[in-house]
1. Apply 1/(1 + (r/R0)^6) to the Cβ-Cβ distance of Gln273 and Arg158, taking R0 = 56 Å, and write down the FRET efficiency to the nearest 0.05.
2. Percent antiparallel among DSSP beta bridges with both residues in the chain, to the nearest 5?
3. At a 1.4 Å probe radius, which order do Tyr488, Tyr473 fall into by accessible area, largest first?
4. If the only charges are +1 at each Lys and Arg Cβ and -1 at each Asp and Glu Cβ, what is the size of the charge dipole of the stretch 373-416 around the Cα centre, to the nearest 20 debye?
5. Relative to the longest principal axis of the C-alpha atoms of the chain, give the angle of the C-alpha long axis of helix 525-538, reported between 0 and 90° and rounded to the nearest 10°.
6. In nm, to one decimal, how far is the Met527 label point from the Asp265 one, both placed 7 Å along Cα→Cβ?
7. Karplus couplings for the stretch 476-491 from phi (6.51 cos²θ - 1.76 cosθ + 1.60, θ = phi - 60°), rounded to Hz, Gly and Pro as x?
8. Under a plain spin-label model, where a point goes 7 Å from the Cα along Cα-to-Cβ, how far apart in nm are Arg315 and Asp28?
Amino acid sequence: MCVAEKKRLPVGIESFEEIRTDNYYYVDKTAMIRELLQRRGKVNLFTRPRRFGKSLNMSMLKCFLEIGGNQTLFEGLHVSEDAEVCREHMGKYPVVSITLKGINGGDYATARSLMCAAIGNEAMRFQFLLEDVNLTSREKQQYQQLVMVDTSGEESFRMPDAVLMGSLKTLSVLLEKHYGQKVVILVDEYDVPLAKAHEQGYYQEMVLLIRNILEQALKTNDSLYFAVLTGCLRVSKESIFTGLNNPSIFSITDEDCDSYFGFTDEEVRTMLQYYNLNQKYESIKAWYDGYRFGDADVYCPWDVINYVNKLLVKRDLLPQDYWSNTSSNDVVRHFLEKVGTGLTKSEVEALVAGDTVTKEIREDLTYNRLYDSMENIWSVLFATGYLTQRGSSDGRRYKLAIPNQEIRNIFESQIMEMFRKGVEQDGKTLEMFCQALQEGNAQEVERLFTEYLGRTISIRDTFVRKSAKEGFYHWILLGILGYKNGWYVQSNRESGEGYSDIFIKVEDDDLGIVIEIKYAENAQYEMTCQAALEQIQRMDYGKELLDDGCHTVLKYGIACYKKKCRVAMEKEEK
């Protein structure tokens, strides 16, 4: 079978029905249905990082449970093997299903309107209630209040507060009367409006709104059979779930349903085999695996699907960062800003090096208190997938680690961004460093570069290959030189018979600078500096500068180890 005949990858598709009917590749998570029905409480909350398939699984639940659903969608899938579960539950319930991921208003009024639209559009699915002879005129009037729209269009639903707060309960009461069967309520990404409200400054108003909607729908509702909610964080009971009777929590630390969000190693291997991409397994594992939910080790499905889809067009494509495209990564920035105020450089360096840091984790948080303490920030990083657990917990204390190369790159880029801002703000040191380089003052270059290394968070020696260690120091030096006005700076430019690390032309002085950075194994500074200078000479890195009119070329060999360096310099004149 050629690639063109194979199933398409469902990039960005969260509709179970669309995937199953339109020739998309589906990683079978339907065994979750059986486990949920066996383990469920009255109200069930699944917390997982974003991009791990929560919305698709909610769509799957809706298709399975809803009266009138297409039962052929589940043919050949895991849940179809359990005849009893299918007989008792498939297509047996009225289902109210909403997603709150689009409630992203710049102010409360806009967010409230979006909430009305989300619930109103769901209510529009049940217009048959207006024809139900078993409903009273008052009950039909209650339904009409949910779907009334302004003359500007159907998106402009207008509900008074009392109607909006009781909307999900009203729908479930009417549907139970119509069908004679209690209702399942599904609320996807319940905490997104809270995150957006916190960012925009109307958090308390949104908390009150969501608390009232959920309390009426999930507590004082005799028409409810059971409910499922998904979110990124388990928001504190005092904030949202006040009054609810202990919802069943399926968090990233729980074993129940642990492998149904994210792809297991076996599922990834099967996908790669299907698309004849077995040779990409190791790189996909290094970049997108590493998450630990309960007892399950999983990959981020968003990353795997996107990368495999790209590989079908360009099979030599290197792994890409897909996570940052769907997240601002603000939590990492907030985290790194705490260095020196409760967070040590050593802790961050240990994480970037692939080691673990043991911390106490709070799984119940409130969005307006996320960054109030280091304990909260560690917990947010854990809940949102920037950190994951390794080994077993000790009560609330977990061994935390960066899950994979993709997330490690996010940390490193944020670290570099903070370093660059520091360089930009300290113009005096920058000028001193560049002047020393320009004057051939190797001793002063060494002193100031060592000072810079002491300011930043470094990559520990235990983690990376020698070339990657050298890359870190290269990265720091470019972060400094990038702010020097009037210098033409290039990295890894082809010159002479090879590639110099850093190539600088100071046009006003007819001066060229070549810098070769090497990692000094076991602090062998002198030998490493000489090796760097010998490479510059052997590869004739200064030739182009001399040919381009420079009268003098300064050649620097820099040897780095941990947070120290040694600098040697040779001069060549035309």
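The values are calculated or read from the model by the stated rules, or taken from the named source; none is laboratory data. What you are looking at is a predicted structure, and each value in this text was computed from that prediction instead of being measured. Ideal geometry is used to build each Cβ from the backbone, glycine not excepted, and the neighbour counts take in all protein chains shown. Heads up: the accessible areas ignore ligands, DNA and RNA and are worked out on the full protein's heavy atoms, side chains in. Shrake-Rupley method; radii C 1.70, N 1.55, O 1.52, S 1.80 Å.
1. Calculated transfer efficiency: 0.60.
2. Here the antiparallel bridges make up roughly 50 percent for the chain.
3. Listed by decreasing accessible area, they come as Tyr488, Tyr473.
4. The dipole magnitude comes to about 160 debye.
5. 80
6. Computed distance between label sites Met527 and Asp265 equals 3.8 nm.
7. Result, rounded to whole Hz: 5, 5, 5, x, 7, 5, x, 9, 8, 6, x, 9, 8, 10, 10, 10.
8. It is 2.8 nm.
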